[in-house]
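So the structure is just underneath, and the comments pick up after that.
We did not get these values from a lab; they are worked out from the coordinates using the rules stated. Quantities reported herein were computed from a predicted structural model and do not represent experimental measurements. Ideal geometry is used to build each Cβ from the backbone, glycine not excepted, and the neighbour counts take in all protein chains shown.
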Amino acid sequence: MARSLLEKLRKSLGLELNVAVLGFTGFLISLGMGVWLWFLTLYVVEELGASSVELGIIHMVSLLCFIAGGFFGFLADSLGRRPLIIIGTSIYSLILIFMGLSRSWMELALLMGFLRFIHSCYIGSIMAMASESVEHNKRGSALAFVNLMSYAGLIPAPYMGSWLHVIYASYQKHFIFGALLVAIAALVRTAFLKETLCQKVQPKAYLKELMSRASQSLRNTKLRYLIAFSAIYAFSANLTIGVQGLWLLYATEVSKLTSSDIGLWGSIYQTCFMAIMMPAGKLIDRIGFKKMLIIGIPCEALASALFIYARGLPQVTLISVLDAVFSSIDIVALQVAVATTSPSEYRAGALSLYSSAFYGASSPSTYIGGSLYAYNKQTPFLLSAGLEALTALLLLKMPREDGRST
């Protein structure tokens with residue numbers, strides 16, 4: 001019965017089965033993640049007694065662990081995408097339970113690091129499976145849909161998190177609720193996902209073979225440039241530790257938002273972030289990823305610079321919506337760029353390397369941003385804006401979709 005309902009829904013939306021399953025399970029995971037993620041800063045500061053510097057350390061440790069998982073993406077190019085996705089999702093749900101039982105910010109940092117590591121092991125497989133389940137000229141739309149659904153749960157999540165806090169007067173139950181939703185997603189993926197890697201190209205996953213695939217991918221000049229560019233962009237953008245990091249702290253400490261304001265602001269932000277993804281994906285399929293990045297990155301920089309002047313909910317929301325729209329565009333454009341540049345035999349590994357570079361570069365950035373915020377609250381936003389503006393200049397050498405560079 002569940003399979004027939006999924007088939008009807010898939011056909012009504014014109015989606016491939018894998019894309020539909022990855023999208024709708026991504027919604028469950030993002031809903032479970034958003035319930036605790038939007039309140040992570042408050043949980044760390046209020047219940048675990050951490051400062052803004054220690055908040056930066058937590059994000060630094062967790063993002064640094066993302067680097068190690070990139071290598072395991074090449075397992076998906078040998079063993080298949082499906083096994084890594086299912087195993088990774090299952091372990092993800094277990095880690096959330098232990099995060100809810102944390103008794104110190106250091107313990108939470110280690111668990112978040114493990115969570116990021118597991119996520120990095122299979123995120124490349126998800127992007128590879130989605131891009132391989134459709135025709136070449138529909139990859140932007142497929143990746144946009146998976147990304148859209150993977151963020152859609154973050155829209156109702158802040159309100160659900162607020163109600164959980166009202167009921168339990170603690171943020172710890174948020175993690176248990178999230179673990180339950182992720183476990184359901186793991187079961188659905190086990191039941192419905194179909195492998196996209198052809199059996200005839202699956203070698204034995206020995207260490208030597210994995211290293212060979214990693215080396216092969218890095219000999220791709222265009223791919224090397226894209227990975228390096230992604231790392232530089234991520235370092236610049238994440239000096240503010242994202243909207244759930246210093247943006248949230250600044251909004252409560254300087255812009256004077258209340259807890260109810262934060263719930264409304266979070267839902268509006270995630271709605272805009274999500275709503276732009278499908279149009280952006282279709283536009284990327286039509287005009288290419290490079291032009292979209294040329295538009296998106298400078299606008300992100302502008303939003304970061306303007307945020308220091310935001311006072312009250314209307315101004316905070318308006319400026320953060322600008323960030324939501326163009327950061328969403330940039331994320332999809334970079335994923336399409338890497339998926340298009342890398343051939344099938346090492347696509348999952350290449351996308352994992354991209355994720356590792358992206359989040360790995362964010363690791364020191366979050367620590368630096370947290371430290372600068374303790375010194376001056378406006379500095380991380382201005383520095384992030386300036387570096388993003390400089391990063392945009394590198395787009396002049398960004399490879400075209402046809403392999404040339406300008």
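With a simple spin-label model that places each label point 7 Å from the Cα along the Cα-to-Cβ direction, the separation between Glu107 and Ala374 comes to 2.3 nm.
Quick one: Cys121, Cys299, Cys198, fewest Cβ neighbours within 10 Å first, how do they rank?
Working: Cys121 26, Cys299 17, Cys198 11.
Arranged by neighbour count, lowest to highest, Cys121, Cys299, Cys198 become Cys198, Cys299, Cys121.
Could you work out the relative contact order of segment 16-397? I mean the mean sequence separation of Cα pairs under 8 Å and 6+ apart, divided by the number of residues, in percent. Don't skip to the end; give the middle numbers.
Working: 715 pairs, mean separation 121.5, N = 382.
RCO, segment 16-397: 32 percent.
How much length would be gained if the chain were fully extended between Leu17 and Leu393, taking 0.36 nm per residue of separation minus their Cα-Cα distance, in nm to one decimal? Show your work: numbers first, answer last.
Details: separation 376, 0.36 × 376 = 135.36 nm, distance 3.95 nm.
Between Leu17 and Leu393, full extension yields 131.4 nm more.
Simple point charges give the picture: +1 on the Cβ of Lys and Arg, -1 on the Cβ of Asp and Glu, and for the chain a dipole about the Cα centre of about 1080 debye.
The length gained on full extension between Arg286 and Ala68, counted as 0.36 nm times the residue separation minus their Cα-Cα distance, comes to 75.0 nm.
GNM remark for the chain: springs join alpha carbons under 10 Å apart, and the peak mean-square fluctuation among Ala142, Ala76, Ala389 falls on Ala389.
Comparing Val332, Met292, Leu306 along the charge dipole axis of segment 283-344, the residue lying farthest to the positive side is Met292, per the Cβ-charge model. Candidate membrane-span-like segments in the chain, meaning DSSP H helices with Cα atoms spread over at least 30 Å of their own axis and a Kyte-Doolittle mean of 1.0 or above, are 105-132, 172-192, 312-341, with no membrane implied. Cβ-to-Cβ counts within 10 Å put Ile87, Ile297, Ile126, Ile57 in ascending order as Ile87, Ile57, Ile297, Ile126, the fewest first. Which log10 I(q)/I(0) values, to two decimals, does segment 108-192 give at q = 0.12 Å⁻¹ under the Debye formula with one point per Cα? For the requested q values the scattering log ratios are -0.51. At full extension, Arg224 and Ile97 could sit 42.0 nm farther apart than now, given 0.36 nm per residue minus the alpha carbon distance.
With Cα atoms defining each centre, segment 97-159 and segment 381-396 are spaced 26 Å apart in the structure. Helical runs assigned H by DSSP (4 residues or longer) give the chain a calculated mean residue ellipticity at 222 nm of -26000 deg cm²/dmol, each run adding -39500 (n - 2.57) before division by the residue total.
Please work out the Cα convex hull volume for segment 16-397 and give it in Å³ per residue. The partial results should precede the final answer.
Values: hull volume 43.6 nm³, N = 382.
Normalising the Cα hull of segment 16-397 by residue number yields 114 Å³.
Cross-link pairs exceeding 28 Å in C-alpha to C-alpha distance, out of Lys138/Lys222; Lys222/Lys377; Lys222/Lys291; Lys138/Lys194; Lys256/Lys282, comprise Lys222/Lys377; Lys256/Lys282.
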